[in-house]
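The values are calculated or read from the model by the stated rules, or taken from the named source; none is laboratory data. This one's a predicted model, so the numbers in the text were calculated from it and none came from an experiment. Neighbour counts are summed over all protein chains in view; Cβ atoms, including those assigned to glycine, are modelled from backbone coordinates with ideal geometry.
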Amino acid sequence: MSLLDVKNLKIYYFTLKGVVRAVDDVSFNVREGEVLGIAGESGSGKSTLGYGLMRLVPPPGRIVGGNIVVSGRDIVSMDEGTLRREIRWKVISMIFQGALNALNPVYTIGKQLVEPIIFHEDVSLKEAYERAAEMVKLVGLNEDVLRRYPHELSGGMKQRVMIAMALILRPKIVIADEPTTALDVVIQAQIMNLFKKIKKELNQSIIFITHDLSLIAEIADNVAVMYAGKIVEYGNSDNVFNTPKHPYTQGLLKSIPRLKSKEKLSWIPGTPPDLRNPPVGCRFHPRCPYVMDVCRREEPPIKDVGGNHLVACWLY
Amino acid sequence: MIAVLYGVLILTGVIIGVTGLSDIVLYNIVDERLRIIKQQLAIKIKDPEQLNRAVEELKQELIRAYDLDKPWYARIPRIIYQIMVLDLGTSRSTLSFSGSNKVADIILERIPNTVLMVTTAVLISSLVGLVVGLWSATKVGSLLDRFTSLISAISYSLPTWWFGMVVILVFAYELRLFPSGGMTTPGLTITDPITRFLDLLWHLFLPVLTLFVALVGSWIYVTRSIVISITKEDFIVVGRAKGLPERVIRNRYLLRNSAPPILTNMILGLAGSITGAILTEAIFNWPGMGSLYYNAILSADINMILALTYIYTLVYVVARFILEVLYVVLDPRVRY
Amino acid sequence: MKKLLRNELLRIFLSSSISKIGIIFLAIMIIASAYVVMFMPLDFGLRYWNNPTFWADYPKLVPPEWVNIFLGNKLLRHTILITEKPTLSLEDTKQYILTYSHDTDQLPQTIVFKLNNITFTYTPIIELSVRRPDGRVINLLVIQPLTSGVSERVDLSGRLEVAVALSRFLKDEFNVSISATEVIQRKLEFKILMGTPVISNGYVDFKTLRGNYMFNVFLKSDDPTARIGSVEVVIFGWCYGLMGTDHLGRDLSQALLYGFPVALLIGVVTSVITAVVGALAGVVSGYYGGIVDEVIQRLCDVLNNIPLLPLLIFFMFVIRMNEELRRTVSPLAVIIIVLVVFSWAGIAIIVRSMVLSIKSQQFIEASVAVGASSIRIMFKHILPQVAPFIFAQMMFLTPSAILSEAALSLLGLSDPSIPTWGQILESAFANQAMYLGLWWWIVPPGLLIMYSAITFVFIAQGLEPIVEPRLRKV
Ligand SMILES: Nc1ncnc2c1ncn2[C@@H]1O[C@H](COP(=O)(O)OP(=O)(O)O)[C@@H](O)[C@H]1O
Ligand SMILES: [Mg+2]
């Protein structure tokens, strides 16, 4: 049985100028120890999906349909108190996008790290601090950061603290939303290595959200490619990277610079659609090189093209 | 901070020097001294001829001592020093409550009255502003929210002193509920402290109401925008994601982080209100520095005006200083 | 593209109701100001407002006429009757008749006869009399002008001859005796003139006589050249005009109207100059950096940390104390200059930080690489980007200038030759209007100050979503 089962999840933003269908009918699952990569251009609804999994969609957003089942319990219908006490951070934790302001500036790192332990578990403060110290060492920081304030740390250090914080209760799933985007290249590589280490040493399930497919290739077991609020391709990393089926995935892969390949870099022409008013039929059709009549009329169903490789495209 | 004070003092020195006001001020001081000396001398020297000569000599001496024989720019350091220690001679128009006519005495006596009125108003309005501001911050975009921006617009454009006049018209003239001015009922002979206190409150009501109305709008608005900007910070979402109780989020995340900017506003607001209350004090004839200022202007009492301008600037500078100290305590980001 | 952006910003601005209200308010202000500039003399302050004789024929301290709508007992209107030609011309007598219909119980404050420009060769005799609705005639007064070309102004109240005439009238017609001095002391002139005595419990009371009164002026002379230029009878009422009058009888509505262009001028001139100075300082400071930047920033620090009002008061006071300055500089100009001096720093600091971030934008770096001159870069690239921000700041500066001028007016430190709303309030305060319940003297000027200030605050609030994109509604 899988750890996390998302079925037909719909998250809309009800803005004054219309309904933004940021996540529209998305389904996937995550197994124990699996790293699922979620890829897509910015604005495709990845972060919204992440917030949705924590049930923290900011207003005017709201989960309007579907289920999120974690270890057999549906959190969409769960009451707020139970969710807070039993699920958040304990079962699912999240490293937020642009995490440089994610730490409370007026408290020390130590205090913020032990905070969830104290509120979720019945342990002494001393014990909590010991666990925090251990976790800090695991993410490659010196123990004395516990006494420091957020503004005294560099961007990379803060991100490590965030990772330590996300792991502190040893949750079943960690959502990492663009964990490297705000960092410079060298630090990015270090953080990626940290994630690989966590995956290997802790056998941690991770949902790794990024707009950068090359990062996913490094770490993910399975990949979901999102376009305009929908998953357009979903499958095993090897399958998706070696034999991309959806024209959008193909386009994305062509735009990644590769050292060995001699292929010319190209970018998909056009811009992502306005999610308040997405194109009829396949949402990708205005940008698709293989567009057919049916694409303009009907939405393609998601289809298994073999080996649990799912794709939503009329070509198959 | 101290540079600001010096800046203002030098500017003041130059201005009154160029316009010849410093001469008037200094001559005023010299004449005052001479008058006292003359009285003393008159006891010793009986011959009026001789007395006049002695006085004249002393006068020349004093003129030299105060650099009045030199051009105005040579006197700037001296006049700055005198302003700083409030050695500004005597007032032409006012006596202190205890009967002194020394500028310093008069002002020092009145500072507590101004502070009493303004702090009361600032405390009440900031408290109300805090509560309403926090409340409306949780309902962004609602009708209430629009209402707060309307209230703040009205507050911003309301001439406080005019509102004071209207308040007197309504509450003191029409309804006859409150006294139209002053701090105590004249001729009140009861010395019972509770009666005196109630009398003070009764007199305090209208000026405080006026300042309250003028201040509360901006308080609501400021609190609201500070809290809203912090609600949008990432660490609040992280706090929620961590599964912390709402109470903890509110106290440790939201309020704790709003405190430094709100406090900044409170202290600067207090300083601002003290200077802003000059006219309100005058309207209510409140025996503070403001009505002193007003009367000094009406009677062209230069020494007094100079001293009060300095004190008002000092209030600002002191507020800034307190703020810097407090910030070190409140916000780890400014600690070194 | 640029045009598109501008239209979009305009749309955002106009989409909020608060900016619409602001624009409407501003339009009203501009229309009122245009009216004043076109139809009122520019030296209104000196020539009329501060000239008490001009207001002699206005009732003093009376509320506006429209209060009659709310008050059941009607307040007597102020009436001026005037004629230039004699109604009847006999051989040796010219008779001027002015008819006045009185239809309330309230008596006038006073009645004044004005005989303007009496010309003659031989001294004539002029008789003043009243024919009441009940047909009784009171001969009030006889005057003999001494020199040709003079004007006579006869105020019926407090004048002994008139009181004597009234006392005699009362005795002759109603057999009620009240001495002339008592008439004056008890201010009974118009009760007698326009009423019938009623005696109850030994007290004499008067019942107002309604109907047509005829005020007669007889010019008696053999001299055919004798004439009166014009005859006026002013019945001083208990309400006047749209906005009432002050202690000098000045028609407040005129000064209130005149206040519009003045407020607009003070506000706009101050904010425009401040914005220009602040923007220039900020751009220069941010663009050049180094020692220039350092100096400007220090200066801004100092200026930002001093209390405006006391210093403003102080400077205005200094100007007033110095004879030479007082003659040469208008206090209004000084207010504007001081406000500018103390406000530009706020704009400069923020513009500087914006310039610093804009400077690092690529196309600016590119322009520098291409060798564009600094001035060109500033005007072409930097100013357009900071312009909306500066404009919003200007909108906040305008009300503070208007309010500062009003505050200084209250202290009597503004320009007395140009009436402003603040000055109306100053005279109201000095004459204790609040303690006398003279609300029409206090409420309207303050409301107008608020109105003009809030106009700009609304516009500034409407600009917020443009200046601060995070506040934009999605
Ligand atoms: N608070 C919000 N209000 C309205 N729309 C939003 C909000 N947050 C995100 N959106 C919209 O939802 C869509 C998905 O956004 P997001 O989940 O942030 O995408 P990604 O993380 O893939 O960049 C975008 O079209 C965005 O404009
Ligand atoms: Mg995102």
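Here are a few things to note about the model shown:
- Scope the stretch C:269-306; condition surrounded by fewer than 17 Cβ atoms within 10 Å (Cβ to Cβ), among the small types (Gly, Ala, Ser) and either assigned to a helix (DSSP H, G or I) or within 14 Å of chain B (Cβ to nearest Cβ) (or both); matching residues: C:290
- Which listed residue, of B:264, B:231, is under 18 Å from residue A:107 (Cα atoms), touching a helix residue (DSSP H, G or I) at 6+ places or on another chain (Cβ under 8 Å) and modelled with pLDDT under 85: B:231
- Boolean, residue A:6 is closer than 24 Å to residue A:216 by Cβ, more than 16 Å from ligand 2 (Cβ to nearest atom) and either without any contact (Cβ under 8 Å) to a residue 24 or more places away in the chain or not in a loop (DSSP other than H, G, I, E, B) (or both): yes
- Cβ pairs under 6 Å, 6+ apart, first in the stretch B:32-51 and more than 21 Å from residue B:103 (Cα to Cα), second of a type in the set (Val, Ile, Thr): B:38/B:55; B:51/B:45
- Counting only residues that are more than 10 Å from chain B (Cβ to nearest Cβ) and under 23 Å from residue B:165 (Cβ atoms), the stretch C:449-467 holds 0 of them.
- The criterion of at least 3 residues that are surrounded by fewer than 18 Cβ atoms within 10 Å (Cβ to Cβ) is met by the following helices (runs of 4 or more DSSP H) wholly inside the stretch A:121-206: A:125-138, A:185-202.
- Any hit, the stretch A:27-49, residues being buried (at least 19 other Cβ atoms within 10 Å of the Cβ), under 25 Å from residue B:244 (Cβ atoms), within 14 Å of chain B (Cβ to nearest Cβ) and more than 7 Å from ligand 1 (Cβ to nearest atom): no
- Some residue of the stretch A:86-94 being under 16 Å from residue B:248 (Cβ atoms) and either within 16 Å of ligand 2 (Cβ to nearest atom) or in a helix (DSSP H, G or I) (or both): no
- Remark: residue B:267 matches the filter, which requires a residue to be in contact (Cβ under 8 Å) with a residue 24 or more places away in the chain, in a helix (DSSP H, G or I) and away from chain A (no Cβ under 14 Å).
- Hits in the stretch C:388-431 (condition: more than 8 Å from every other protein chain (Cβ to nearest Cβ), modelled with pLDDT under 90 and outside any helix (DSSP H, G or I)): C:414, C:415, C:416, C:417, C:418
- Of the set (1) part of a loop (DSSP other than H, G, I, E, B); (2) modelled with pLDDT under 90; (3) surrounded by 14 or more Cβ atoms within 10 Å (Cβ to Cβ), all apply to residue C:61 but (2).
- Residue A:50 vs. criteria farther than 15 Å from residue A:233 by Cα, at pLDDT below 90, within 16 Å of ligand 2 (Cβ to nearest atom) and not hydroxyl-bearing (Ser, Thr, Tyr): no
- Members of the stretch A:133-159 that are away from ligand 2 (no atom under 16 Å from the Cβ) and either within 13 Å of chain B (Cβ to nearest Cβ) or within 17 Å of the chain's Cα centre (by Cα) (or both): A:147, A:148, A:149, A:150, A:151, A:152, A:153, A:158
- Whichever residue in the stretch B:172-190 is over 16 Å from residue B:117 (Cα atoms) and at the interface with another protein chain (Cβ under 10 Å from one of its Cβ atoms) and, among such residues, is surrounded by the fewest Cβ atoms within 10 Å (Cβ to Cβ): B:174
- Boolean, residue A:71 is closer than 23 Å to residue A:311 by Cα and among the hydroxyl-bearing types (Ser, Thr, Tyr): no
- The one condition from (1) more than 30 Å from residue A:270 (Cα to Cα); (2) within 12 Å of ligand 2 (Cβ to nearest atom) that residue A:69 does not meet is (2).
- The set of residues from the stretch A:25-47 being within 16 Å of ligand 2 (Cβ to nearest atom) and more than 18 Å from residue A:96 (Cα to Cα) comprises just one member, A:26.
- Taken over the stretch B:160-187, the criterion of being touching a residue at least 24 places away in the same chain (Cβ under 8 Å) and in a loop (DSSP other than H, G, I, E, B) is satisfied by B:178, B:179, B:180, B:181, B:182, B:183.
- Residue B:80, sole failed condition from (1) within 14 Å of another protein chain (Cβ to nearest Cβ); (2) under 21 Å from the mean Cα position of the chain (by Cα): (1)
- Residues being under 15 Å from residue C:415 (Cα atoms), in contact (Cβ under 8 Å) with a residue 60 or more places away in the chain and among the aromatic types (Phe, Trp, Tyr) - total across the stretch C:313-349: 1
- Each residue in the stretch B:38-69 was checked for being within 35 Å of the chain's Cα centre (by Cα) and not in a helix (DSSP H, G or I), and 3 pass.
- Scanning the stretch A:174-197 for residues that are in contact with a Leu (Cβ under 7 Å, 6 or more places away or on another chain) and either more than 16 Å from ligand 2 (Cβ to nearest atom) or of a type in the set (Phe, Trp, Tyr) (or both) yields A:174, A:191, A:192.
- One residue stands out in the stretch A:50-73 among those that are in a strand (DSSP E or B) and in contact with an Asp or Glu (Cβ under 9 Å, 6 or more places away or on another chain): the one that is farthest from ligand 1 (Cβ to nearest atom), namely A:73.
- Sole residue being within 15 Å of ligand 1 (Cβ to nearest atom), modelled with pLDDT of 90 or more and within 11 Å of chain B (Cβ to nearest Cβ), chosen from A:11, A:95: A:95
- Contact map, the stretch A:175-194: residues that are more than 14 Å from ligand 1 (Cβ to nearest atom) paired with residues that are aromatic (Phe, Trp, Tyr) and modelled with pLDDT under 90, Cβ distance under 7 Å, separation 6+ or inter-chain. No pairs are found.
To keep it simple, each residue is scored yes or no on (1) surrounded by fewer than 14 Cβ atoms within 10 Å (Cβ to Cβ); (2) basic (Lys, Arg); (3) at pLDDT 90 or above; (4) in the same structural domain as residue C:116 (by TED's automatic domain parsing).
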site: C:132; (1), (2), (3), (4): no, yes, yes, yes
site: C:139; (1), (2), (3), (4): no, no, yes, yes
site: C:142; (1), (2), (3), (4): no, no, yes, yes
site: C:147; (1), (2), (3), (4): yes, no, no, yes
site: C:155; (1), (2), (3), (4): no, no, yes, yes
site: C:160; (1), (2), (3), (4): yes, no, yes, yes
site: C:163; (1), (2), (3), (4): no, no, yes, yes
site: C:170; (1), (2), (3), (4): no, no, yes, yes
site: C:182; (1), (2), (3), (4): yes, no, yes, yes
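- Conditions (1) free of Cβ contacts under 8 Å to residues at least 12 places away in the same chain; (2) in contact with a Gly (Cβ under 8 Å, 6 or more places away or on another chain); number of the one not met by residue A:229: (1)
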